[in-house]
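See structure below.
The values are calculated or read from the model by the stated rules, or taken from the named source; none is laboratory data. All figures in this text were calculated on a predicted structure; none of them were measured in a lab. Cβ sites come from the backbone with ideal geometry, for glycine too, and all protein chains shown count toward neighbours. The area values use the complete protein model at the heavy-atom level, side chains included, leaving out ligands, DNA and RNA. Shrake-Rupley method; radii C 1.70, N 1.55, O 1.52, S 1.80 Å.
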Amino acid sequence: MTTTHTALHAADAVFMAEQAVGRARHVVEELHTTINSALRVLDDAELDSAKARLSDRGDYYLEAAGEHLSRLQRRCNDNAELTDELIGHLERASQAVIDAHDVLRDADTTDPALARDVAQLKPRLAVVGEMIDLAKPMARLAAQHVERAHLAAQQATPPSLLEPVTLERSIATAGKELGRADEDVRLLENVVDHAAASARQSAGIATEITDNARRRMAEQGRVQIPHQAARSVGSRAR
């Protein structure tokens, strides 16, 4: 593989990493929104549970609380799908960073311009990899807390609504787990933001590498064409 092709392959891997991190960042924002929505649903369930204890219309409010917990289960399902999508984007970004590192390791840096770009790119790419390595277990932990909240909401079956203690226990457990998931996602936002910023910087350098590589290819083409033309003229002269 020529130096030019090596540079282009490395740049492609960097662009793939940036795209995957960008998609992960977008999913984290969605995840934060849906967890906040789930927490609001849980607040409604807690309020109706309290009203059931204090009101003459206890059955009505117990039924309303149960409906809120059914909505909560749907929110948890949405969150589970988002965390799966997030982990997929992070895995793709991680693999792209590894691919870029592998190509850069074998790059011929006798070209001063390429050597400079590679020297700038490697540390920024390393930061992207480190942030992704931090983000993946955080995303899995958030997924675990959401799943536990889902299981707690499922405990509030219609028969159990007749027992206020069971309902309150389900609400309290779900609230604790969703609160932890919310904390995980807040931390995750910061980590993915750092990864995205470093990925953008890496992509900027990769763009320079690509532009320089294409310029070299164009220059080589211009050199080869006159040389071939001269040989053709010499052949006709003979």
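Observations on the model:
- Computed over the stretch 83-123, the alpha-carbon pair-distance distribution with 10 angstrom bins reads 27, 38, 22, 11, 1, each value a whole percent.
- Cβ-based charge dipole, the chain, positive-most Cα from 149, 97, 72: 97
- Solvent exposure of the chain amounts to 54 Å² per residue of accessible area, where only protein heavy atoms count and the probe is 1.4 Å.
- When Rg/Rh (Cα atoms, Kirkwood Rh) is computed from the coordinates, the matching label among [x] 1.33; [y] 1.01; [z] 1.08 is [x].
- Accessible carbon and sulfur surface of the chain relative to its total accessible area, %, 1.4 Å: 52
- Assuming charge only on the beta carbon of Lys and Arg (+1) and of Asp and Glu (-1), the dipole of the stretch 17-83 about its Cα centre is about 80 debye to the nearest 20.
- Listed residues 207, 172, 126: farthest to the positive end of the dipole of the chain (Cβ charges): 207
- Nearby lysines by direct alpha-carbon distance to residue 136 (threshold 26 angstrom, same-chain neighbours under 8 apart not counted): 122, 176
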